[in-house]
Amino acid sequence: MRQKGIVIAIDGPAGVGKSTVGKLVASRVGYRFVSTGKMYRALAWKALEAGLSLEDDGRLVELARALRWDFPKGAGPEADVSLDGRVLALELSEERVSRASSAIAKLAGVRLFMKEMQRQAGLDGGVVMEGRDIGSNVFPDAELKIYLDASPEARARRRVGQLKEQGLPADYAEILDFIVKRDAQDSGRKNNPLKKADDAHYLDSTAISREEVVETIVGLFAAAAK
Ligand code: DC
């Protein structure tokens, strides 16, 4: 039994709402929320800053090990990511960082580094952790695993809506293309590809609301945490 509760693993493709849903679930059950995508993004951002090749696994791992990683408490259930004392926020959602994070996430050494850090962050439980390989690789022993899915078109439509709400330009065809390419890269890679763990609950949110997804997971939590 873990000290602070169970581990809830939420995996799924880009833009499916894992973070939104994960944070809402974490707030409802009083758990911490950890986005592992943010960790890959932070290292990718630093690699771009340092001008490192995004294919050099050895140098990237060296860089990751030399950095001081902190997770100071942010707003809500989610911690911020800070590298050598610099809290990273908006820069992590830049498109160049998205692409770079997907590229470095292919590398075996980088993935091992991330897995160790993520296991440390969740070992005591009381955590909702989202990513691509949490249920299948980082916490194969998670007490509750969710695989959240939605069609690429539905994910692109939602993304367009979010951008428009923020008054930002949004091109549906371009966004759909970006989503399809990132899916292919994340599912097609050799090391810990995006995939549903055998014992994960499959939730397709194409036709149901975020609220319904959250209710379903909170219901599963009540049964799993008994
Ligand atoms: O969820 P996200 O878009 O913030 O993730 C950024 C990239 O990191 C994504 O393209 C795939 C990778 N990633 C991963 O390979 N494994 C994880 N557990 C989380 C993210």
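Rounded to whole Å and sorted largest first, what semi-axes of the equivalent ellipsoid does the C-alpha gyration tensor of region 11-95 yield via the square root of 5 times each eigenvalue?
Rounded to whole Å, the semi-axes are 26, 15, 11.
Ranked by accessible surface with a 1.4 Å probe, highest first, in what order do Phe71, Phe139, Phe113 come? Present the calculation step by step, with values, prior to reporting the outcome.
Values: Phe71 85, Phe139 0, Phe113 20 Å².
Result, largest first: Phe71, Phe113, Phe139.
With a point put 7 Å past each Cα toward its Cβ, work out how far Ala223 is from Arg28 in nm, to one decimal.
According to this spin-label approximation, the distance is 1.4 nm.
Using alpha carbons only, how many angstrom separate the centre of region 165-226 from the centre of region 52-66?
Centre-to-centre (Cα) distance: 28 Å.
Convert each backbone phi in region 122-135 into a coupling constant with the Karplus relation 6.51 cos²θ - 1.76 cosθ + 1.60 (shift: θ = phi - 60°), then list the ³J(HN,Hα) values in order as whole Hz, x for Gly and Pro.
Rounded to whole hertz, the list is x, 3, 7, x, x, 9, 9, 10, 10, x, 10, 10, 5, x.
Just the number, please: carbon plus sulfur as a percent of the accessible area of region 56-135, 1.4 Å probe, no ligands or DNA/RNA counted.
Heavy-atom surface of region 56-135 belonging to carbon and sulfur, 1.4 Å probe: 53 percent.
Rounded, prolate or oblate: pick one for region 1-154, where a ≥ b ≥ c are the square roots of the eigenvalues of its C-alpha gyration tensor, a/c under 1.5 means rounded, and failing that, prolate if a/b is larger than b/c, else oblate.
It comes out prolate by the Cα gyration axes.
Could you give me the ³J(HN,Hα) list for region 152-157, computed from phi with Karplus coefficients 6.51, -1.76, 1.60 and θ = phi - 60°, whole Hz, x at Gly and Pro?
Per-residue couplings from phi come out as x, 5, 5, 5, 5, 4 Hz.
Could you work out the relative contact order of the chain? I mean the mean sequence separation of Cα pairs under 8 Å and 6+ apart, divided by the number of residues, in percent. Kindly include the intermediate steps, with their values, before the conclusion.
Values: 363 pairs, mean separation 75.6, N = 226.
Result for the chain is 33 percent.
Please turn the phi angles of region 39-47 into ³J(HN,Hα) values with the Karplus equation 6.51 cos²θ - 1.76 cosθ + 1.60 (θ = phi - 60°), one per residue in order, whole Hz, x for glycine and proline.
Residue by residue, region 39-47 yields 5, 5, 5, 4, 5, 4, 4, 5, 5 Hz.
Search the structure for amide H atoms under 5 Å from the amide H of Val81, placed 1.01 Å from N in the peptide plane, and list their residues when 5 or more places away or on another chain.
Leu88
If you roll a 1.4 Å probe over region 164-226 with all protein chains in place, what percent of the accessible area is carbon or sulfur?
It is 55 percent, rounded to a whole number.
Just the number please: accessible area per residue for region 91-223, 1.4 Å probe, all protein chains included, in Å².
Per-residue value: 48 Å².
For His201, which sequence-distant residues (separation of 5 or more, or a different chain) have an amide H within less than 5 Å of its own amide H, given hydrogens modelled in the peptide plane?
Counting only residues 5 or more places away or on other chains, the set is Lys145, Ile146, Tyr147.
Which residues does a label at Asp80 reach in region 35-54, if reach means a backbone N under 15 Å from a point 7 Å past the Cα toward the Cβ?
Of the residues in region 35-54, 42 have backbone N under 15 Å from the label point off Asp80.
Taking only C-alpha pairs under 8 Å that are 6+ residues apart, what is the relative contact order of region 96-226 in percent?
It rounds to 33 percent for region 96-226.
Under 24 Å Cα-Cα from Lys23, which lysines qualify once same-chain neighbours fewer than 8 residues away are excluded?
Lys23 reaches Lys4, Lys38, Lys73, Lys115, Lys145, Lys164, Lys195, Lys196, Lys226.
For the chain, with only Lys/Arg (+1) and Asp/Glu (-1) charged at the beta-carbon, what is the dipole magnitude about the Cα centre, in debye rounded to 20?
Details: 35 positive and 33 negative charges, 63 e Å.
With Lys and Arg at +1 and Asp and Glu at -1, about 300 debye.
Using only the Cα atoms of region 69-149, build the gyration tensor, take square roots of its eigenvalues as a ≥ b ≥ c, and label the shape rounded, prolate or oblate: rounded if a/c is under 1.5, else prolate if a/b is larger than b/c, else oblate.
Oblate shape, in that a/c is at least 1.5 and b/c is the bigger or equal ratio.
Counting heavy atoms of the protein chains only and a 1.4 Å probe, report the per residue accessible area for region 1-79 as a whole number of Å².
Ligands and nucleic acids excluded, the result is 46 Å² per residue.
The values are calculated or read from the model by the stated rules, or taken from the named source; none is laboratory data. Remember, it's a predicted structure, so these values are computed and weren't measured experimentally. Using ideal geometry, Cβ is built from the backbone for each residue, glycine included, and neighbour counts are taken over all protein chains shown. Each accessible area value is taken on the protein alone, full model and side chains, heavy atoms only, with ligands, DNA and RNA left out. Shrake-Rupley method; radii C 1.70, N 1.55, O 1.52, S 1.80 Å.
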